Amino acid sequence: MEGNIASIAAGLAMIGAIGPGIGLGIGFSKAMEALGRNPDAAGAIFVPYILGLALTEAIGIYCLVVALILIFAGG
Amino acid sequence: MIHVEIAGETLFTIGWFEVTNSMVGAVLASLLLLAGAWYISSRSALIPHRLQSLLELPVEWVTGIVEGSTSRWRSYVALVIGLFLMILVANWLGLLPGVGTIGIRHTVEGEEILTPLVRPAAADLNFTLGLAIITFVVFVWWGVRVNGPIGYLKELVGEPRYMAPLMFPIHLISELSRLVSLSMRLFGNVFAGEVLIATMLALTTATLFVLPLAFFVPSIFLGLELLFGAVQAMVFALLTMTYITMAIAEHQGGHEPEEGEGREHRDAESEHRTAGSPA
């Protein structure tokens with residue numbers, strides 16, 4: 001793969017990973033806050049927390065998939 | 001330079017059927033699970049020995065989570081446990097030495113590339129798409145089976161009936177996008193982990209300080225992949241459970257109640273079934 005517009009586009013596509021980064025940070029901080037208020041609720045928080053993490057992170061994965069398509073099948 | 005293929009590379013063909021290296025990885029993971037299950041069940045005891053209690057650990061943990069979802073959890077707990085164990089073993093198998101590194105070296109267009117013999121199964125979109133299709137069919141089937149086909153479509157239309165032309169396409173697309181998101185999430189995570197490890201292992205050719213970079217840095221990323229492989233397996237299984245739970249629930253102003261309300265919900269569910277069965 002030499003330098004062409006597809007590689008530049010792949011790099012630009014990953015800028016979209018800012019969103020999930022912020023979202024995950026906010027989600028995690030809220031989970032920590034809830035845990036700090038009530039440490040016994042760790043079991044009840046855990047499953048919805050992991051679910052929320054996965055759904056938010058999926059958006060970042062979509063950006064990655066666009067970048068991969070551009071690298072491997074672009075230009 | 002590093003060469004990673006996004007699709008599984010074909011090792012050999014049997015007639016028209018191409019066997020790729022990620023298929024080999026999937027078959028290895030299945031064989032490992034089957035061998036473990038056969039061994040454990042042939043020597044199971046009421047007071048479990050160490051290997052049995054080791055393998056009961058994920059089963060009990062996942063069952064503990066699935067128990068709190070609906071009152072009919074026994075019907076789908078096997079699917080959730082199976083998905084969890086399959087993806088877990090497939091992901092962790094990709095971290096063993098030799099996977100992704102031992103292969104056939106050949107030259108393509110003047111560049112020498114290595115085709116690995118075994119590749120982590122979930123690094124192939126076919127594998128993750130297959131699992132996502134299973135999950136999709138299962139939760140649509142559950143929705144139709146519990147609420148009836150008319151009830152399931154009414155679910156998609158939504159509560160204020162005049163909002164139907166707006167809400168119906170939105171709900172339909174969000175249900176279909178679950179298929180895409182499940183497969184893409186697992187594939188993206190595992191494939192990105194593969195590329196990451198390949199990049200880290202290739203660092204040795206680019207530097208003078210060989211030992212720290214050849215040993216410590218890849219092992220950090222192997223540990224990261226260990227964690228992410230397990231998390232992605234759990235997320236896939238839990239999302240399957242969540243989608244089935246949401247398909248079973250009746251949206252009468254609330255979602256499926258958590259544990260403690262199972263009995264009331266069971267009565268409400270049977271009442272709804274007799275009252276709302278399609279003509």
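Read-outs throughout are calculated quantities, based only on the coordinates presented, and are distinct from any laboratory measurement. Since the model is a prediction, treat every value here as computed from it, not as a measurement. Reconstructed Cβ throughout: ideal geometry from the backbone, glycine too, with neighbour counts over all protein chains shown.
Filter the trypsin sites (Lys or Arg not before Pro) in the stretch B:7-101 down to the DSSP loop ones having no more than 12 other Cβ atoms within 10 Å, then list what survives. Don't jump to the answer; show the numbers that get you there.
Values: sites: B:43, B:50, B:72, B:74; in loops: B:43, B:72.
Sites meeting the loop and neighbour criteria: B:43.
For each of B:171, B:106, B:3, count neighbouring Cβ atoms within 10 Å of the residue's Cβ, then give the residues from fewest to most.
Numbers: B:171 16, B:106 9, B:3 12.
Final ranking by Cβ density, sparse to dense: B:106, B:3, B:171.
All C-alpha pair distances within the protein assembly as shown, sorted into 20 Å bins from zero, spread as 24, 54, 21, 1 percent across the bins. In terms of surrounding Cβ atoms within a 10 Å radius of their Cβ, B:245, B:63, B:128 rank from fewest to most as B:63, B:245, B:128. Computed across the stretch A:5-73, the Kirkwood hydrodynamic radius from all distinct Cα-Cα pairs reaches 13.5 Å. Residues B:81, B:220, B:248, B:14 in ascending order of nearby Cβ atoms (within 10 Å, fewest first): B:14, B:220, B:81, B:248.
How far, in degrees from 0 to 90, does helix A:42-73 lean away from the longest principal axis of the Cα atoms of chain A, to the nearest 10? The angle comes out near 0 degrees.
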